[in-house]
1. Counting only heavy atoms of protein chains, what accessible area per residue, in Å², does the chain have with a probe of 1.4 Å?
2. Let's see if you can work this out: charge +1 on each Lys and Arg Cβ, -1 on each Asp and Glu Cβ, no other charges. What is the dipole magnitude of the chain about its Cα centre, in debye to the nearest 20?
3. Can you work out ³J(HN,Hα) from phi for every residue in the range 254-270, in order, using Karplus 6.51 cos²θ - 1.76 cosθ + 1.60 and θ = phi - 60°, giving whole Hz and x for Gly and Pro?
4. What pairs in Lys2/Lys147; Lys319/Lys364; Lys192/Lys261 have C-alpha atoms more than 22 Å from each other?
5. If you take the square roots of the eigenvalues of the alpha-carbon gyration tensor of the range 192-267 and sort them as a ≥ b ≥ c, do you get rounded (a/c under 1.5), prolate (a/b over b/c) or oblate?
6. Given a Förster distance of 51 angstrom, what is the FRET efficiency for Asn289 paired with Leu173, based on the Cβ-Cβ distance and rounded to 0.05?
7. Would you mind working out the magnitude of the charge dipole of the range 182-367 relative to its Cα centre, with +1 at each Lys and Arg C-beta and -1 at each Asp and Glu C-beta, to the nearest 20 Debye?
8. Name the long-range amide H neighbours of Phe129: under 5 Å, sequence gap of 5 or more, or other chain; modelled H, no Pro or chain starts.
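The values are calculated or read from the model by the stated rules, or taken from the named source; none is laboratory data. Not measured: the values here are computed from a predicted model. Cβ atoms come from the backbone with ideal geometry, glycine included; neighbour counts cover every protein chain shown. Areas reflect the complete protein model, heavy atoms only, side chains present, ligands, DNA and RNA absent. Shrake-Rupley method; radii C 1.70, N 1.55, O 1.52, S 1.80 Å.
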Amino acid sequence: MKETRCIQVKLGERSYPVMIATGMCFAENFAQRVAEFTKEESVLIVTDSRVQPYAEKVASILKSKVNVKGICVFPEGEQSKNFATVEKICRKAAKLHLDRKSFFIAIGGGVTGDMTGFAAAIYMRGANFIQIPTSLLAMADSSVGGKTAVDLPEGKNLAGAFLQPKAVFIDPLFLDTILSHNISLGFAEIIKIAATFDKELFEILEKNAFTLISRKDPVLFEEFLQRACQLKADIVSKDEKESSVRGLLNYGHTFGHALEKLDGYSKMYHGFGVSCGMYMACMLAEKLNMQSHEETKRIAKVLYDYNLPFYFAERFDAKEVYKVMLNDKKADKGSLKLVLLWGIGKGEVVKDIPRKTVLAAMDKARFQNRDK
Ligand SMILES: NC(=O)c1ccc[n+]([C@@H]2O[C@H](COP(=O)([O-])OP(=O)(O)OC[C@H]3O[C@@H](n4cnc5c(N)ncnc54)[C@H](O)[C@@H]3O)[C@@H](O)[C@H]2O)c1
Ligand SMILES: [Zn+2]
């Protein structure tokens, strides 16, 4: 079996490893690896309806060494990310007599991970949690860092908790069945983290767009994933609860969230919103003499190469978008707080940007599409 790449999230007694290896979750010794964490404790696997066949396969491998009590399946999609599903997970755990030493194992994308983590955080005031991410977004972003949540009718991720997993197992083999637009949505978050923190990672994205998006070179892909996860792990290790640097990961998000909300969470998927948000932030940073036009072009080209939209459609009214942005949970009362770049790899939170300037930047972000 090939070597496993291992990253540590360093949070004192809550530290944990993030392991990456292609084929790892389908190998016979996977049960032993997981059992090192779960020991004799009971385990509930949580998955969605689309990932269920994988979860069943992994469960059958785990059963030789891990005390798997059952699988809880919910209908796939963001619509399931609510209290009703979390109640279902907790009730299943109760019926199977799990206790607070038990483990909830998420096998799925970001929705599964966020909800399983939240269920684990509140079940008997806190059980244990392991992540087996199966979407690119979950592998490179949401499975590392301990943010768990559900959506409310009033907005996304409005109820949640911090609970760090005990371990994260990343197996790129899962990605073989993922839809291509979901791969692009994952890349949106990786482009975001590279643009705000890591110029070299951004250059890797620039130089290898075709190879990475097609995953034609599994070794390069694993190396790349390791780098992206290491970056996220370092940021979380420095600022677990988002009181400083972790806040830079909201690059493109305030604007993106506004588009998602105005679109009624239908076609404007999160990653697409973020990608439009990053481009809008480029326009704004240029206006404030922070970032050069050359760098804007590089960012637009990367978004384009990973099949991400970056102009925002005519159907969104800029003033409406601005209003929704002011109500974002990350905004300061009455004033916009946005992450902008001084250049690629150098993000900063900028406060009190005048409304006029934001609206002017939005105008440019709408019309300068395909600015390559
Ligand atoms: N906790 C965090 O730090 C954090 C960070 C970013 C995003 N998020 C959250 O993550 C969610 C988005 O994550 P996502 O894009 O993974 O959504 P998702 O979990 O809904 O997965 C997207 C789709 O891909 C399917 N899928 C997943 N793995 C698959 C596979 N291997 N093969 C085939 N289909 C597969 C799912 O069934 C689903 O239909 C949002 O709810 C967002 O709020 C959380
Ligand atoms: Zn995001």
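1. Values: 15970 Å² over 372 residues.
Accessible area per residue, the chain: 43 Å².
2. Numbers: 53 positive and 45 negative charges, 119 e Å.
The dipole magnitude comes to about 560 debye.
3. Ordered by residue, 3J(HN,Hα) equals 5, 5, x, 4, 5, 5, 4, 5, 5, 8, x, 6, 10, 7, 7, 5, 3 Hz.
4. Numbers: Lys2/Lys147 31 Å; Lys319/Lys364 14 Å; Lys192/Lys261 20 Å.
Over 22 Å Cα-Cα: Lys2/Lys147.
5. Details: a/c = 2.36, a/b = 1.26, b/c = 1.88.
Verdict is oblate for the range 192-267.
6. Numbers: r = 46 Å, r/R0 = 0.91.
Once rounded, the FRET efficiency stands at 0.65.
7. Details: 29 positive and 26 negative charges, 107 e Å.
Dipole of the range 182-367, to the nearest 20 debye: 520 debye.
8. Hits under the 5 Å cutoff: Phe104, Lys166.
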